[in-house]
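These notes concern the structure reproduced below.
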Amino acid sequence: MLILAAIPLGNPGDASENLKGAITTSKYIAAEDSRKFSRLCSDLGIVYNAKVISFFEGNEIERLAELISILESGNDLLVVTDAGMPGISDPGYRLARAAVEKKIQIKVLPGPSAVTTALLLSGLPSDRFCFEGFPPRTSGARQTSFTKLAQEERTMIFFEAPHRLLESLTDAKAIFGAARNGAICREMTKTYEEVIRGNLEELENWARSNEILGEITLVLEGYDPTSKSYSSQDLITLVLKEESAGISRKDAIAEVARATGTAKREVFDAMVTHKSADGLG
């Protein structure tokens, strides 16, 4: 059985009894960092007798055959990362995929996740959200990535390195707008946990004037389609576009009103103005 186990983000007290039991009874453990894993066990007051196999981003692919061989030989394999859940911006997905293909049973020991912890700490809508991992490292690629998310209506969650946070916030402000709300969640569950909430202008100013240390999760508000203002000409253009696709004017007006969050009467009035101007021409 492949066992994917959630590890505390910082506070050892968040470790489940299932996790502690799995660590003490496993014969094989794939750990992202063996030293951090040993330190966690020490903090938990438990002893492990397993063979610990290094399993991190740099060797994930080359380790797959060895780990699958352990599972196919009838042994359980416990997979742990430095913090949070395996496979979420950490090694684990490829191994789980390979296990599925080999029809090997998979078990998950649920627990801490930086994604959902930050989402709740942010105070932003949590009914619908998406996790985007780490933004690209270069500004050009980052802006391209953010542009693709410009009209994403779900709350967005990112991981970011401390030394790139300011650059990411600057690019986010340029693409999403200074008024877009967000939250910087730093060192969650640890001694110096800190949550900074505000719009992107305020978050950028905070990052510019503070030394950024620790693990960072950035949460950004989704796009609100009703927040965009449309001029009469914008509405006319959209209605004409709908009409060119073969839709009646009445239905085109209704569709544009729905899509833009504009009152149907306002769209209708814009088209009356357009018709009058067209007649004068």
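The values are calculated or read from the model by the stated rules, or taken from the named source; none is laboratory data. Here the structure is a predicted model, which means the values were calculated and not measured. Neighbour counts run over all protein chains shown; Cβ positions are idealised from the backbone, glycine included.
Among (1) among the hydroxyl-bearing types (Ser, Thr, Tyr); (2) modelled with pLDDT of 95 or more; (3) touching a strand residue (DSSP E or B) at 6+ places or on another chain (Cβ under 9 Å), where does SER42 come up short?
Here SER42 meets the rest and fails (3).
LYS241 is checked against (1) without any contact (Cβ under 8 Å) to a residue 24 or more places away in the chain; (2) surrounded by 14 or more Cβ atoms within 10 Å (Cβ to Cβ) and fails just one. What number does that condition carry?
Exception for LYS241: condition (2).
Residues being buried (at least 16 other Cβ atoms within 10 Å of the Cβ) and either under 13 Å from SER26 (Cβ atoms) or not aromatic (Phe, Trp, Tyr) (or both): count how many of those fall in segment 42-81. Write out each step before concluding.
Taking segment 42-81 as the starting set, the residues that turn out to be buried (at least 16 other Cβ atoms within 10 Å of the Cβ) are 44, 48, 50, 52-53, 55-56, 60, 63-64, 67-68, 70-71, 76-81.
Those left that are additionally either under 13 Å from SER26 (Cβ atoms) or not aromatic (Phe, Trp, Tyr) (or both): 44, 48, 50, 52-53, 60, 63-64, 67-68, 70-71, 76-81.
Of the residues in segment 42-81, 18 are buried (at least 16 other Cβ atoms within 10 Å of the Cβ) and either under 13 Å from SER26 (Cβ atoms) or not aromatic (Phe, Trp, Tyr) (or both).
For segment 205-233, what are the residues that are out of contact with any Leu (no Cβ under 6 Å at 6 or more places or on another chain), part of a loop (DSSP other than H, G, I, E, B) and under 22 Å from ALA150 (Cβ atoms)?
The answer is GLY222, TYR223, ASP224, LYS228, SER229, TYR230, SER231.
So if I check each of GLU221, GLU202, GLU187, which one is among the acidic types (Asp, Glu) and closer than 30 Å to ARG265 by Cβ?
Working: GLU202 fails: closer than 30 Å to ARG265 by Cβ; GLU187 fails: closer than 30 Å to ARG265 by Cβ.
Residue meeting the stated conditions: GLU221.
When you scan segment 102-112, do you find a residue that is free of Cβ contacts under 8 Å to residues at least 60 places away in the same chain, surrounded by 13 or more Cβ atoms within 10 Å (Cβ to Cβ) and out of contact with any Phe, Trp or Tyr (no Cβ under 8 Å at 6 or more places or on another chain), even just one?
no
Enumerate the strands (runs of 3 or more DSSP E) found wholly within segment 126-194, keeping only those where 1 or more residues are of a type in the set (A, V, I, L, M, F, W, C), touching a residue at least 40 places away in the same chain (Cβ under 8 Å) and over 20 Å from ALA207 (Cβ atoms).
By residue number, 129-131.
At least 2 residues that are out of contact with any Lys or Arg (no Cβ under 7 Å at 6 or more places or on another chain), of a type in the set (A, V, I, L, M) and more than 18 Å from GLU215 (Cα to Cα) in each: list the helices (runs of 4 or more DSSP H) lying fully within segment 1-113 that qualify.
Fully inside segment 1-113 and qualifying: 17-25, 60-72, 93-101.
Against the definition (over 19 Å from THR147 (Cα atoms), in contact (Cβ under 8 Å) with a residue 24 or more places away in the chain and within 20 Å of the chain's Cα centre (by Cα)), how does ILE236 come out, yes or no?
Considered against the rule, which asks whether it is over 19 Å from THR147 (Cα atoms), in contact (Cβ under 8 Å) with a residue 24 or more places away in the chain and within 20 Å of the chain's Cα centre (by Cα), ILE236 comes out as no.
Given (1) closer than 25 Å to GLU193 by Cα; (2) hydroxyl-bearing (Ser, Thr, Tyr); (3) at pLDDT 95 or above, identify the lone condition not met by TYR28.
(1)
Only one of (1) on the phi < 0 side of the Ramachandran plot; (2) touching a residue at least 60 places away in the same chain (Cβ under 8 Å) is not met by GLY87, so which one is it?
Condition (1) is where GLY87 drops out.
Let's see how each residue does on (1) small (Gly, Ala, Ser); (2) in the same structural domain as ASN205 (by TED's automatic domain parsing):
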position: ALA83; (1), (2): yes, no
position: ARG94; (1), (2): no, no
position: LYS107; (1), (2): no, no
position: ALA141; (1), (2): yes, yes
position: GLU152; (1), (2): no, yes
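Name every residue in segment 82-101 that is surrounded by fewer than 21 Cβ atoms within 10 Å (Cβ to Cβ) and of a type in the set (A, V, I, L, M), in order of residue number.
ILE88, ALA96, ALA98, VAL100
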